[in-house]
1. For the stretch A:215-285, which helices (runs of 4 or more DSSP H) that fit wholly inside it have 1 or more residues that are in contact with a Ser or Thr (Cβ under 9 Å, 6 or more places away or on another chain), within 12 Å of A:Arg42 (Cα to Cα) and among the charged types (D, E, K, R)?
2. Would you check if B:Pro175 is under 22 Å from B:Ile38 (Cβ atoms), in a loop (DSSP other than H, G, I, E, B) and within 14 Å of the chain's Cα centre (by Cα)?
3. Of all residues being within 14 Å of A:Ser119 (Cα to Cα) and small (Gly, Ala, Ser) in the stretch A:79-104, which is surrounded by the most Cβ atoms within 10 Å (Cβ to Cβ)? Just the residue, please.
4. Go through the stretch A:143-173 and give me each residue that's in a helix (DSSP H, G or I) and either open to solvent by 20 Å² or more (accessible area, probe 1.4 Å) or of a type in the set (Gly, Ala, Ser) (or both).
5. Among the residues of the stretch A:14-35, what is the count of those that are over 14 Å from A:Thr166 (Cβ atoms), under 19 Å from the mean Cα position of the chain (by Cα) and hydrophobic (A, V, I, L, M, F, W, C)?
6. If you scan the stretch B:77-86, which residues turn out to be crowded, with 23+ Cβ neighbours inside 10 Å and more than 7 Å from every other protein chain (Cβ to nearest Cβ)?
Amino acid sequence: MLHAILSDKTVRLTALALLALAAAGLMLPAWVVNNMMFGLARGAAVLGLLVLWRTGLMSFGHGLYFGLGAYAVALSEHWLGLSDFALRILAAILVAVVAGFALGFILRRYRDIFFAMLSLAFSMVLYGILVKTEALGSTDGFSVSQTTFLGWAPEGKQVLFTAIITVCLALAVLVQMYLRSTLGRLTTAIRDNEIRVEYLGYSVARAIHIKYVISAALAGGAGGMMAMALGQVDPDSMVYWTVSGELVFITIMAGPGSVLAPFIGAIIFEFLRTYAFEIAPHAWQLIVGGTLLLIIFFLPGGIWSLLERIPFFRRLRHD
Amino acid sequence: MTDVPILSVKDLQKSFGAVTAAKDINVDIPAGQVVGVIGANGAGKTTFVNMVTGYLKPSGGTIRFRGRDITGIAPRLAVHQGLTRSFQVSQVFMTLSVRQNLLSALALARRKGGALLRPIAGPELLAECDAIMARYGLTDVAEHEASALSQGSRKLLDIAMAVVSGPRMLLLDEPTSGVAAEEKFAIMDTVMSALKASGTTVLFIEHDMEIVERYVDRVLAFFSGEVICDAPPARALIDPKVRELVIGDTRAPTAPTAATGQAEAAYA
Ligand SMILES: Nc1ncnc2c1ncn2[C@@H]1O[C@H](COP(=O)(O)OP(=O)(O)OP(=O)(O)O)[C@@H](O)[C@H]1O
Ligand SMILES: [Mg+2]
């Protein structure tokens with residue numbers, strides 16, 4: 001198993017890229033490190049959408065799990081006083097897995113636009129509940145205190161940045177192993193022909209349910225990381241439908257080609273937004289939207305497909 | 001052959017609104033038999049296969065397979081019992097290569113415990129895949145995408161994928177439809193010899209009477225959702241009702257092999 005992981009070229013490349021990022025973090029200005037943390041966190045949620053997209057499914061409502069993960073971090077602090085990084089991540093993932101598993105029984109019966117919109121509907125319900133409930137912070141949400149590491153509360157953001165990188169690397173490796181497995185390879189097969197999969201003796205509903213829970217777990221962990229990076233959770237920045245929309249946006253921008261693509265795409269998105277905002281504070285959406293249009297027209301495989309023009313990256317796909 | 005039939009269908013009914021697609025179908029099939037199902041377009045042949053393999057729920061009646069009631073169970077559970085099928089319109093993974101199609105099928109059929117979480121292409125699976133491609137004449141097109149295959153090869157792939165689960169009984173819905181006339185016998189020879197070797201019970205739907213005559217032990221003739229004749233081919237193909245309602249030829253047969261040469265008429 002370990003050998004299979006270490007010999008996988010995508011895994012090696014991802015590890016190398018993230019290590020380089022961690023090293024760079026030591027020298028970069030704080031706002032750049034912040035942006036990269038946001039990008040990495042969002043990238044983990046986009047990785048979850050990639051798992052669905054490979055099977056021809058899309059969710060317009062993964063802000064639901066992103067928000068659940070973020071609120072798991074905030075409420076576990078508020079109610080239980082938790083501030084430890086590992087515990088916060090675990091809480092975020094656990095809450096999302098439980099919710100994804102339960103809703104999965106409904107979602108697994110739908111496809112296409114209904115599948116995509118159902119998650120959105122659930123995320124709107126959560127948004128409504130959060131906004132209306134004083135005990136859950138209402139519209140203001142909660143601030144999230146500094147994250148600790150086994151009791152240690154380090155200065156600055158470097159340690160949190162490195163920890164987030166480590167989690168993203170672990171998630172990317174797990175997803176890569178999953179995509180290489182029989183279950184993961186069922187992606188194209190399910191997209192191509194559900195009837196055949198059934199007649200091979202396997203339940204398509206179950207396969208989709210598993211994929212949905214995996215994607216929920218990733219979005220939950222992502223929300224947890226975002227809460228820690230931002231130091232704040234509130235319904236508008238964690239659950240609102242624009243959060244879900246951004247995830248879909250980045251998924252398409254990044255392309256489905258590799259587990260590394262979501263992180264690259266999300267980091268680029270973060271900087272694109274920052275610069276667009278600086279250039280045109282009132283029309284930054286125009287710049288971001290225009291960029292996506294250009295990508296859809298000229299790079300239908302997303303930013304990753306640009307890298308795949310280089311033979312090394314192209315070969316990864318068949319590794 | 002054992003006394004208990006491998007498949008036993010009692011009083012099977014199915015209606016779609018006003019259309020009766022199956023009416024009082026009663027059939028027992030002993031293990032190892034090769035059964036040919038004939039009937040004009042819309043006679044209810046596919047509906048029968050769909051009900052037996054769990055794709056459609058019958059409106060009435062029971063289906064027993066190896067002594068167990070399997071009426072209305074999900075297709076994948078029928079597959080677990082050893083009952084599977086191929087399709088009138090090939091159901092393969094169109095964007096995957098022939099090899100990937102078979103590997104997916106093999107991986108799903110052989111999954112036990114954590115097998116679904118291991119990489120798909122272990123050496124044993126690859127070897128087994130090669131053997132199947134050789135047996136079904138697919139070696140030359142191994143790397144071709146399924147969407148680029150000829151009708152004949154796609155049908156063979158469809159059948160090969162059904163067979164990897166090691167079924168005890170296989171239902172083939174028009175294995176040679178859409179296939180060039182000169183390819184038909186080659187395909188049937190390939191399929192039937194592979195299935196004979198594994199002792200699989202076979203039921204296939206076929207419009208070409210030459211093929212029916214050549215390969216089956218028994219004919220079931222469908223008309224308007226009913227079985228109007230259940231007999232060995234030598235008798236069934238000269239039965240006046242079958243000739244009129246299925247083969248579409250009212251002339252008196254001149255010899256027991258009269259169906260030969262009627263293939264084109266029957267296929268229309
Ligand atoms: N899902 C369905 N809904 C409504 N009617 C159906 C459905 N499936 C089949 N039928 C009808 O049931 C009858 C039997 O159809 P079936 O497909 O079983 O015929 P068949 O013998 O396989 O014909 P063919 O030789 O054309 O394949 C036809 O009248 C058909 O229109
Ligand atoms: Mg039919």
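The values are calculated or read from the model by the stated rules, or taken from the named source; none is laboratory data. All of these numbers come straight from a predicted model, not from anything done at the bench. Here Cβ is always computed from backbone atoms with ideal geometry, including for glycine, and neighbour counts include all displayed protein chains. Surface areas here come from the heavy atoms of the whole protein model, side chains and all, with no ligands, DNA or RNA. Shrake-Rupley method; radii C 1.70, N 1.55, O 1.52, S 1.80 Å.
1. Details: elements: A:235-238, A:241-254, A:261-279.
Here the list is empty.
2. Numbers: under 22 Å from B:Ile38 (Cβ atoms): yes; in a loop (DSSP other than H, G, I, E, B): yes; within 14 Å of the chain's Cα centre (by Cα): yes.
Yes; evaluated as a whole, the condition is true for this residue.
3. So, considering only residues that are within 14 Å of A:Ser119 (Cα to Cα) and small (Gly, Ala, Ser), the one surrounded by the most Cβ atoms within 10 Å (Cβ to Cβ) is A:Ala96.
4. Going through the stretch A:143-173, the residues in a helix (DSSP H, G or I) turn out to be A:158-173.
Within the stretch A:143-173, A:Gln158, A:Val159, A:Thr162, A:Ala163, A:Thr166, A:Val167, A:Leu169, A:Ala170, A:Leu171, A:Ala172, A:Val173 meet the criteria.
5. Of the residues in that region, 1 qualify.
6. As a first pass, look at the stretch B:77-86 and keep what is crowded, with 23+ Cβ neighbours inside 10 Å: B:78-79, B:83-86.
Within the stretch B:77-86, B:Ala78, B:Leu83, B:Ser86 meet the criteria.
A quick yes/no check of all residues on (1) of a type in the set (Val, Ile, Thr); (2) more than 14 Å from chain A (Cβ to nearest Cβ); (3) surrounded by 16 or more Cβ atoms within 10 Å (Cβ to Cβ); (4) away from ligand 2 (no atom under 16 Å from the Cβ):
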site	(1), (2), (3), (4)
B:Ser104	no, no, yes, yes
B:Ala109	no, no, yes, yes
B:Leu125	no, no, yes, yes
B:Leu157	no, no, yes, yes
B:Pro175	no, yes, yes, no
B:Val179	yes, yes, yes, no
B:Ala186	no, yes, no, yes
B:Ser193	no, yes, no, yes
B:Ser198	no, yes, no, yes
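Listed here are the residues, each with its yes/no results for (1) within 16 Å of ligand 1 (Cβ to nearest atom); (2) more than 14 Å from chain A (Cβ to nearest Cβ); (3) of a type in the set (Lys, Arg).
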{"position": "B:Gly166", "(1), (2), (3)": "no, no, no"}
{"position": "B:Thr190", "(1), (2), (3)": "no, yes, no"}
{"position": "B:Leu203", "(1), (2), (3)": "yes, yes, no"}
{"position": "B:Asp217", "(1), (2), (3)": "no, yes, no"}
